[in-house]
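J.: Quick one: this structure, given as structure tokens, is what I'll be asking you about.
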Amino acid sequence: MIIGIDLGTTNSLAACFTGEGAEIISNRLGKRLTPSVVAVDGENNILVGETAKEYGLVHPERMAQVFKRSMGSGKKFRLGGREFRADELSSFVLRSLKEDAEAFLGEPVTEAVISVPAYFDDKRRKATRRAGELAGLTVERIISEPTAAAISYGLYEKTKNTRFLVFDLGGGTFDVSILELFQNILEVRAVAGDNYLGGEDFTEILVAEFLEKNGMDADRLSEKEIAKLYREAELAKKQFSEKNEVTLRYPYEGEEKTLSVTLDRYETLCEPLLEKIRRPIQRSLSDAHVRLSEVDEVVLVGGATRLPVVRNFIVKLFRKFPDTTVHPDEAVALGAAVQAAMKERREEVKEVILTDVCSFTLGTEVSVERARGLYESGHFLPIIERNTVIPASRTERVYTLHDNQEIIRVRVLQGESRFAQNNLYLGELEIRVPKKKAGEEAVDITYTYDINSLLEVEVTVVSTGEVKKQIIRGKDNDLTPEEIGERMKELAYLKIPPREQEENRLLLLKGERIYEESTGEERVLLDVWLRAFEDALETRDAGVIGDARRELKERLKEFEEWNQD
Ligand code: AMP
């Protein structure tokens with residue numbers, strides 16, 4: 001079975017399509033969300049999700065998170081003395097989800113549909129595909145998150161022609177998409193976004209306010225202290241869903257520092273962020289030639305859309321209440337699973353034609369005439385403009401620049417800058433032209449871009465009809481199956497702890513962290529509890545371990561609650 005995966009900045013999750021529809025797959029801890037966090041412990045065990053998060057509280061230098069933001073970039077993350085790229089870290093998360101899906105379905109899982117922000121460029125999409133391959137998954141399709149969300153809301157089943165705006169505010173990325181349903185065609189009309197805006201920024205606002213009001217300096221806090229402060233701020237932020245005033249509590253140097261914030265004050269503090277949200281909305285509307293008032297429905301995706309400040313902002317802007325019938329954290333994964341079912345041509349899902357748009361401009365480098373006969377090189381000529389519905393095919397004609405020019409070189413670029421050098425280089429091809437005077441020979445450059453992000457470039461010499469074609473794959477991006485195999489071997493020194501032990505491990509890590517945060521008598525008590533649990537683990541008797549785990553869990557919970565009061 002092909003599963004659907006939402007590989008998120010903060011959390012990831014998998015879903016599958018069963019007889020009853022799309023269903024979220026619980027992970028080994030029984031949770032629906034797996035934090036997109038990876039750690040490597042002292043024995044080279046890879047920890048993923050909540051366990052990695054817990055481990056990272058005590059060993060932040062061995063933990064990585066928010067790596068989705070660096071997908072497809074050269075950035076390296078150092079964990080326990082070794083370096084990893086974002087696609088490698090993501091592959092560990094995917095592998096964990098794959099194992100959970102296998103346990104849930106009782107069969108091997110080797111294929112997946114993985115979602116990415118609509119705004120991800122080619123390089124990032126390829127890195128995502130590679131992450132899947134490194135995790136042992138064939139990536140059947142990379143689907144844009146808003147499209148997946150729209151599918152999960154069943155928007156494609158509506159009978160009336162409708163315009164939707166999908167508002168997706170995740171942990172670290174913001175995406176807006178305008179979709180239009182016309183008969184049974186669901187078309188993405190425009191996408192816009194901000195790769196550096198998300199729920200984390202709304203947490204950071206509280207942290208900054210806390211530090212300022214308490215006269216504290218972030219530079220004087222250790223990495224661990226900062227991490228704890230962010231954790232407290234995130235808890236406080238989430239409470240806005242239920243309360244009009246929240247209090248952030250943070251123990252520091254023997255005293256408890258606090259910050260109380262009302263929803264009104266928080267709204268004021270968030271104004272610059274809300275302003276940043278407005279821009280991609282406007283851009284997507286104008287690219288789609290749709291007016292604000294013409295949006296029929298607003299669909300919310302991403303954990304951060306639960307924030308009342310964000311919801312209020314949307315209601316004020318669109319003058320309508322957003323559709324929240326699907327859990328905003330789960331919409332994308334569910335949609336990816338429906339898409340997987342469509343790929344499998346399952347009877348239960350209605351055949352729907354999905355079209356997507358190219359989320360960036362594809363073009364080539366040209367020289368432009370500055371003054372008569374004076375050319376300046378390095379300019380960008382757009383061929384397929386961003387937000388063109390794909391599959392798309394467009395042609396532009398370019399002429400020779402010099403007398404007796406023999407070769408025309410087509411550099412394939414992606415990006416929005418007027419200047420070639422600021423855009424992403426994808427590849428190039430050359431074609432010979434007959435020697436003539438400058439401007440007398442020309443080639444037609446045709447770009448064809450399909451739904452799987454494959455770009456075909458065809459160059460035709462106008463005078464001779466000679467044709468050259470090439471499929472452009474991003475430079476140094478695609479790994480051959482052999483290279484993937486090599487990389488997997490390189491990573492083989494890492495061990496994957498058995499799935500069944502994860503819950504015990506997480507509990508021990510939690511106990512150790514609480515021990516580190518405590519002192520005196522409390523430590524003695526915690527030590528006794530933890531040792532009792534370790535003894536139980538030694539027995540290797542599932543019944544004994546189960547009882548001890550429940551007991552320790554209960555004790556730690558009470559201990560934490562008691563400490564927070
Ligand atoms: P995602 O990447 O979609 O999982 O979004 C995660 C983001 O949503 C994080 O920044 C969370 O802090 C935020 N989030 C999750 N639940 C809530 C909530 N109840 N209220 C406010 N923010 C939330």
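Derivation of every value follows stated rules applied to the coordinates shown; laboratory data play no part. Keep in mind it's a predicted model, so treat the numbers as computed, not measured. Heads up, the Cβs are rebuilt from the backbone with ideal geometry, glycines too, and the neighbour counts pull from every protein chain shown.
J.: Sort the following peptides by mean Cβ neighbour count (other Cβ atoms within 10 Å, averaged over residues), highest first: 66-74, 370-378. Please list the in-between numbers first.
T.: Details: 66-74: 19.4, 370-378: 9.4.
Highest-to-lowest ranking by the protection proxy: 66-74, 370-378.
J.: When only C-alpha pairs under 8 Å and at least 6 residues apart count, what is the relative contact order of the stretch 364-489, in percent? Don't jump to the answer; show the numbers that get you there.
T.: Numbers: 243 pairs, mean separation 27.3, N = 126.
Rounded, it is 22 percent for the stretch 364-489.
J.: Follow-up question, since we're still on this one. Have a look at the stretch 362-464 and give its Rg and Dmax from the Cα atoms, expressed in angstrom.
T.: 13.9, 43
J.: Under a point-charge model restricted to the Cβ atoms of Lys and Arg (+1) and Asp and Glu (-1), what is the dipole moment magnitude of the stretch 362-464 relative to its Cα centre, in debye to the nearest 20?
T.: On the way: 12 positive and 16 negative charges, 56 e Å.
The dipole magnitude comes to about 280 debye.
J.: Still on this structure, please answer the following. What list of ³J(HN,Hα) values in whole Hz, one per residue of the stretch 129-142 in order, does the Karplus curve 6.51 cos²θ - 1.76 cosθ + 1.60 (θ = phi - 60°) give from phi, with Gly and Pro shown as x?
T.: Residue by residue, the stretch 129-142 yields 4, 5, 4, x, 5, 5, 8, x, 10, 8, 8, 5, 6, 9 Hz.
J.: Would you please give the FRET efficiency between Lys557 and Leu317, computed as 1/(1 + (r/R0)^6) with r the Cβ-Cβ distance and R0 = 51 Å, to the nearest 0.05?
T.: Numbers: r = 41 Å, r/R0 = 0.81.
Once rounded, the FRET efficiency stands at 0.80.
J.: Can you tell me the length gained on complete extension of the stretch Ser26 to Glu212, counting 0.36 nm per residue apart and subtracting the Cα distance?
T.: Roughly 62.9 nm would be gained on extension.
J.: Taking the Cα centre as origin and putting +1 on Lys and Arg beta-carbons and -1 on Asp and Glu beta-carbons, what dipole magnitude results for the stretch 224-356, to the nearest 20 debye? Kindly include the intermediate steps, with their values, before the conclusion.
T.: Working: 23 positive and 24 negative charges, 51 e Å.
The calculation lands at about 240 debye.
J.: With both partners inside the stretch 391-467, how many of the DSSP beta bridges are antiparallel, as a percent to the nearest 5?
T.: Values: 24 of 24 bridges.
Bridges in the stretch 391-467 are about 100 percent antiparallel.
J.: Quick one: Karplus J couplings for the stretch 115-126, per residue in order, coefficients 6.51, -1.76, 1.60, θ = phi - 60°, nearest Hz, x for Gly and Pro?
T.: 8, 9, x, 4, 7, 4, 7, 4, 4, 6, 5, 5
J.: Another question, then. Distance from a point 7 Å along Cα→Cβ of Thr325 to each backbone N in the stretch 156-180: keep the residues under 17 Å and list them by number.
T.: 156-167
J.: Rounded to the nearest 500, what is the chain's calculated 222 nm mean residue ellipticity when only DSSP H runs of at least 4 contribute -39500 (n - 2.57) each, over all residues?
T.: On the way: 14 runs with 200 residues, N = 565.
For the chain, the value works out to -11500 deg cm²/dmol.
J.: To continue, here is another question. Just going by the charge dipole of the chain, with Lys and Arg at +1 and Asp and Glu at -1 on Cβ, which of Phe559, Val191, Thr446 is farthest out on the positive end?
T.: Projecting each Cα onto the dipole axis, the largest value belongs to Thr446.
J.: Right, next: Would you mind checking which residues have amide H under 5 Å from Ile383's amide H? H placed 1.01 Å from N; only 5 or more apart, or other chain.
T.: Leu362, Gly363, Thr364
J.: I would also like to ask the following. Using alpha carbons only, how many angstrom separate the centre of the stretch 246-316 from the centre of the stretch 130-165?
T.: So the two Cα centres are separated by 25 Å.
J.: While we're here: Please compute the length gained on full extension between Leu525 and Glu483, using 0.36 nm multiplied by the number of residues separating them and subtracting their Cα-Cα distance. Each step should come with its number before you reach the end.
T.: Numbers: separation 42, 0.36 × 42 = 15.12 nm, distance 5.16 nm.
Extra length available between Leu525 and Glu483 comes to 10.0 nm.
J.: Still on this structure: Cα centroid distance between the stretch 1-58 and the stretch 369-429, in Å?
T.: Measuring centre to centre over Cα atoms gives 43 Å.
J.: Oh, and also: Where Lys and Arg each count +1 and Asp and Glu each count -1, what net charge lies around Leu292 among other residues with Cβ under 12 Å from its Cβ?
T.: On the way: positive: Arg163, Arg278, Arg291, Lys316, Arg319, Lys320; negative: Glu294, Asp296.
Net local charge, Leu292 excluded: +4.
J.: With θ set to phi - 60°, apply the Karplus curve 6.51 cos²θ - 1.76 cosθ + 1.60 along the stretch 39-54 and write out the HN-Hα couplings as whole Hz, x wherever there is a Gly or Pro.
T.: 9, 10, 7, x, 9, 6, 7, 8, 10, 10, x, 4, 5, 5, 5, 5
J.: Follow-up. Collect residues whose amide H, placed 1.01 Å from N in the peptide plane, falls under 5 Å from the amide H of Thr162; neighbours closer than 5 in sequence don't count.
T.: Leu181
J.: What nm distance separates the two modelled labels at Lys495 and Asp444, each placed 7 Å from Cα along Cα→Cβ?
T.: Once both label points are built, they end up 6.3 nm from each other.
J.: What are the residues whose amide H is under 5 Å from the amide H of Ser12, where those residues sit 5 or more places off or on another chain and H is modelled from the backbone?
T.: Long-range HN contacts for Ser12: Thr34, Ser36.
J.: Moving to a separate point now. Excluding same-chain residues fewer than 8 positions from Lys76, which aspartates and glutamates have a Cα within less than 15 Å of its Cα?
T.: Within the straight-line cut-off, Lys76 pairs with Glu61, Asp87, Glu88.
J.: Which percent of the Cα-Cα distances in the chain go past 33 Å?
T.: Working: 79670 of 159330 pairs.
Of all Cα-Cα pairs in the chain, 50 percent lie more than 33 Å apart.
J.: Filter the GluC sites (Glu not before Pro) in the stretch 515-549 down to the DSSP loop ones having no more than 12 other Cβ atoms within 10 Å, then list what survives.
T.: Numbers: sites: Glu516, Glu517, Glu521, Glu522, Glu534, Glu538; in loops: none.
In loop regions of the stretch 515-549 (DSSP not H, G, I, E or B), there are no sparsely surrounded GluC sites (Glu not before Pro).
J.: Taking other Cβ within 10 Å of each residue's Cβ, how do Ile314, Ile5, Ile185, Ile471 sort, fewest first? Let's see the in-between values first.
T.: On the way: Ile314 22, Ile5 30, Ile185 13, Ile471 10.
Exposure proxy ranking, most exposed first: Ile471, Ile185, Ile314, Ile5.
J.: Sticking with this structure for a sec: Restricting to Cα pairs below 8 Å that are 6+ residues apart, what does the relative contact order work out to for the chain? Please round to a whole percent.
T.: On the way: 1111 pairs, mean separation 78.3, N = 565.
Computed value for the chain: 14 percent relative contact order.
J.: Once the Cβ-Cβ distance between Phe182 and Thr539 is put in as r, and R0 is 56 Å, what FRET efficiency do you end up with, to the nearest 0.05? Kindly include the intermediate steps, with their values, before the conclusion.
T.: Values: r = 64 Å, r/R0 = 1.14.
Here the calculated transfer efficiency is 0.30.
J.: Glu369 to Val389: FRET efficiency via 1/(1 + (r/R0)^6), r the Cβ-Cβ distance, R0 41 Å, to the nearest 0.05? Could you put the intermediate results ahead of the total?
T.: Working: r = 32 Å, r/R0 = 0.79.
My answer for the efficiency is 0.80.
J.: Here's a follow-up. Could you calculate, for the stretch 499-564, the ratio of the Cα radius of gyration to the Kirkwood radius, expressed as Rg to Rh? Before the final figure, lay out the partial values.
T.: Details: Rg = 11.7 Å, Rh = 12.1 Å.
Across the stretch 499-564, the Cα-based Rg/Rh ratio is 0.97.
J.: Between their Cα atoms, which of Lys213/Lys243; Lys68/Lys469; Lys126/Lys495; Lys98/Lys126 are more than 30 Å away from each other? Mind showing how you got there, number by number?
T.: Values: Lys213/Lys243 21 Å; Lys68/Lys469 34 Å; Lys126/Lys495 26 Å; Lys98/Lys126 19 Å.
In this structure, Lys68/Lys469 lie more than 30 Å apart at Cα.
J.: Taking the alpha-carbon distance from Lys350 and a cut-off under 13 Å, which aspartates and glutamates remain once sequence neighbours fewer than 8 residues away in the same chain are dropped?
T.: Those aspartates and glutamates meeting the cut-off are Glu157.
J.: Could you quote the convex hull projected area for the stretch 414-565, Cα atoms only and averaged over all directions, in nm²? Walk me through the numbers on the way to the answer.
T.: On the way: hull surface 75.3 nm².
Averaged projected area of the stretch 414-565's Cα convex hull equals 18.8 nm².
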